[in-house]
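Derivation of every value follows stated rules applied to the coordinates shown; laboratory data play no part. Note that the structure is predicted; figures quoted are calculated from it, not measured. No Cβ is skipped: glycine too gets one built from the backbone with ideal geometry, and neighbour counts run over all protein chains shown.
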Protein chains: 2
Amino acid sequence: MVFSYNQLFAFTESVFLSIDCPAEDATQATEALLSADLRGIDSHGVARLIGYIRLWEAGRINATPRVGVVYETPSTAVVDGDGGLGLVVGPKAMAVALEKARLAGTGWVSVRNSNHFGIAGYHAMKALPHDMIGLAMTNASPLVAPTYSLDRLLGTNPIAVAIPAGEQPDFVLDMATTTAANGKLEIAQRKNLPIPAGWAQDAEGRSSTDAHAVKNGGALQPLGGETGSHKGYGLGAVVDIFSAVLSGANYGPWVPPFVAFLQPSANPVGQGLGHFFGAMRVDAFRPADEFKAHMDNWITTFRSANAVEGQQVLIPGDPEREMAKRRLLDGITLLDPVVKDLETVGKKFGVQL
Amino acid sequence: MVFSYNQLFAFTESVFLSIDCPAEDATQATEALLSADLRGIDSHGVARLIGYIRLWEAGRINATPRVGVVYETPSTAVVDGDGGLGLVVGPKAMAVALEKARLAGTGWVSVRNSNHFGIAGYHAMKALPHDMIGLAMTNASPLVAPTYSLDRLLGTNPIAVAIPAGEQPDFVLDMATTTAANGKLEIAQRKNLPIPAGWAQDAEGRSSTDAHAVKNGGALQPLGGETGSHKGYGLGAVVDIFSAVLSGANYGPWVPPFVAFLQPSANPVGQGLGHFFGAMRVDAFRPADEFKAHMDNWITTFRSANAVEGQQVLIPGDPEREMAKRRLLDGITLLDPVVKDLETVGKKFGVQL
């Protein structure tokens, strides 16, 4: 079924208002959540609304958090999310990073006591209108086995970097540190299709092409898969440490699960889950116009490279930007199970989809 | 042939003195270069000494550079390397980052007009004794094809992150953003062995198992190889932009080649090659003791995970640290062609190996 962006926005905002989010937070959470649907990262958008609601019902999301800076230096801060939606806590923490960068050149904010924040790219892109480079990372529920591990110790721990250009569209990298995002696995599960080698391992740690391998005691594999998963493991580890060991959130196997039917650890090592945000003023290095002119040259050089027959070299962010343009015009197609979930949520709060 | 660390140190230092490096710079360059041999990254150590010397002979390395800050804010700086050895420029720029971090919580330095700096990990680790997290990146001669590209537009562009622990050894990630470092390809070439799929592509952009593919018009492939090279491409791109577009160095296909027999571009877009360094004071986020105790817990948790039969989960930096211990005791084995190169260099300057 196809829905317009505005239709999904109105519905989602009403749902967040129904759980008593303040108006500003409901709007913010909706914009952050739906940025995933617009950009084609369907697994992280409205499909997860019911998941957030269930966590709220389980008392694991605070709809009226007092998000605040608990420690700071000229270029750093630790933000406590007070158990709020990551969709709300994230933008508030990123705003702190932007303000630090305005004054000190760069700003770096580690966040504890938060929840899942949607797509990392949304938060990193907040830097772009200010001629700043934005970075965003988050840890997440443990689904990934480090190289040689049978245990799941890391989340898909994404890294996003947004870099402003001039005439050209901005550069926006947004990537999980696994070979494939869990969302892609979920799609293969629903369609009952095999998955490529390097995505997942079975319970004995062997590479598997079974889309259900993770559910059956296996794990997602770090980026690099068959040939060098230690690099993806290393990157995912850095995201975990910057997001949680720096801030005092839970890390590794202690990160609270996103699904409400799994209980968080009875012996947490920190509070909630963690994020890490960065902002660098471009003109803290060289004049912004100069930088952006060179970014334009960088982008056009890469885009016009000789390419494999029938393909073109893309710039990170190209596919998502095109998708967002299209979906704003043509609407967003949701799978039947997602529509059903939204109707369940709507019924609960008397909100019409 | 086996050489002691001290023997190689004395030789290399004498060579750098012979090209008129100031004494302090010769010592620094030697320590940086040999850290690669100690840590088992043989491709980046003394094996490259002859390469640096040839660049100096070609007038492309300045042995007496005036390295200086050309622009700064409280948490950022741009450093001009004045065409010096990256082995000398890198540590000076990292020292600026550390001093910024001391005062502002974090320090971020982009460097232009430099040359190859050895292994990234060496520079990142400079932060550890100060209870800081260190980051180091550099761009490099174009050998890597972005996803779908036939052209080589990026270097192996490594990222290093060093994070201090307490009782446990420190966490040190040091990784090229390609599936495999070029050095591994060179070893397969010398031994005439095939390479795994995902390492390289041929001139038509097809994945190749021929170790000579890159030499014959092909390219190295970004991390992810067969299944998701767009992520390695994206990371390599970020390294290129942070190192060179921020600083005013050459980026992409304009990065000067390391080999003296290839000429740098006649129409450069910047000066020399670029690096990017970061330092974050741990106690700019939370007390260092607290952070390090949690790092110890992180490390022991990961290290003691259930593992695939006969294996153990490693912490980034484990293999290199063990190698360094062993090689300090047992010496460093050099391949015959490397010894020959060193003898050639020694003869040139009347220095005994």
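At-a-glance table
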{"read-out": "Gyration tensor verdict on the stretch A:27-159 (Cα atoms; rounded if a/c is under 1.5, prolate if a/b is larger than b/c, oblate otherwise)", "value": "rounded"}
{"read-out": "Peptide B:235-241 - average C-beta neighbours from other chains (10 Å radius)", "value": "5"}
{"read-out": "Residues whose placed amide H lies under 5 Å from that of A:Gln271, excluding near-sequence neighbours", "value": "A:Asn113, A:Ala249, A:Asn250"}
{"read-out": "Shape category assigned to the stretch A:227-341 from the gyration tensor of Cα positions, a/c cut at 1.5", "value": "oblate"}
{"read-out": "Cα gyration tensor of chain A - equivalent ellipsoid semi-axes, whole Å, descending", "value": "28, 26, 23"}
{"read-out": "Whole-Hz couplings from phi, Karplus 6.51/-1.76/1.60, listed for the stretch B:66-76; x for Gly and Pro", "value": "9, 7, x, 6, 9, 7, 7, 10, x, 10, 9"}
{"read-out": "Chain B: antiparallel DSSP beta bridges as a percent of all, rounded to 5", "value": "85"}
{"read-out": "Closest-to-axis residue of chain A (Cβ criterion, axis taking A to B), whole Å", "value": "A:Ser75, 2"}
{"read-out": "Inter-chain shielding of A:301-311 (mean C-beta neighbours from other protein chains, 10 Å cut-off)", "value": "6"}
{"read-out": "Per-residue ³J(HN,Hα) for the stretch B:110-119, Karplus 6.51 cos²θ - 1.76 cosθ + 1.60, θ = phi - 60°, Hz, x for Gly and Pro", "value": "9, 10, 10, 6, 10, 10, 4, 10, x, 8"}
{"read-out": "Chain B: relative contact order in percent, alpha carbon pairs under 8 Å with at least 6 residues between", "value": "22"}
{"read-out": "Filtered trypsin sites (Lys or Arg not before Pro), the stretch B:26-90: DSSP coil and at most 10 other beta carbons within 10 Å", "value": "B:Arg66"}
{"read-out": "Label distances, nm, A:Gly166 versus same residue in remaining copies, Cβ-directed 7 Å point", "value": "5.2"}
{"read-out": "Euclidean distance between Cα centres, the stretch B:229-248 to the stretch A:1-79, Å", "value": "31"}
{"read-out": "Relative contact order (%) - the stretch A:203-353, alpha-carbon pairs under 8 angstrom, separation at least six", "value": "10"}
{"read-out": "Charge sum, other residues only, whose C-beta stays under 13 Å from B:Asp82's C-beta, Lys/Arg counted +1 and Asp/Glu -1", "value": "+2"}
{"read-out": "Three-way shape call for the stretch A:270-324 based on the alpha-carbon gyration tensor, with the a/c threshold at 1.5", "value": "oblate"}
{"read-out": "Charge context of B:Pro65, other residues only, Cβ under 13 angstrom, K/R +1, D/E -1", "value": "-1"}
{"read-out": "P(r) histogram, all alpha-carbon pairs of the protein assembly as shown included - 20 Å bins from 0, percent", "value": "18, 54, 25, 3, 0"}
{"read-out": "Highest to lowest packing among B:186-196, A:10-20, scored as the average C-beta count within 10 Å", "value": "A:10-20, B:186-196"}
{"read-out": "Loop sites in the stretch B:290-326: GluC sites (Glu not before Pro), DSSP, at most 16 other Cβ within 10 Å", "value": "B:Glu309"}
{"read-out": "Net charge, B:Thr156 excluded, C-beta distance under 14 Å - Lys, Arg +1, Asp, Glu -1", "value": "+1"}
{"read-out": "Amide H partners (placed H, <5 Å) of A:Ser75, local residues excluded", "value": "B:Thr106"}
{"read-out": "5 angstrom amide H check on A:Leu154, placed H, neighbours 5+ away", "value": "A:Leu143, A:Val144"}
{"read-out": "Residue among B:Val109, B:Val308, B:Val339 with the largest mean-square fluctuation in a Gaussian network model of chain B, springs linking Cα atoms under 10 Å", "value": "B:Val308"}
{"read-out": "Vicinal HN-Hα couplings computed from phi for the stretch A:236-252 (Karplus, 6.51 cos²θ - 1.76 cosθ + 1.60; Hz; Gly/Pro x)", "value": "x, 5, 4, 4, 4, 6, 5, 7, 10, 6, 5, 9, x, 8, 6, 10, x"}
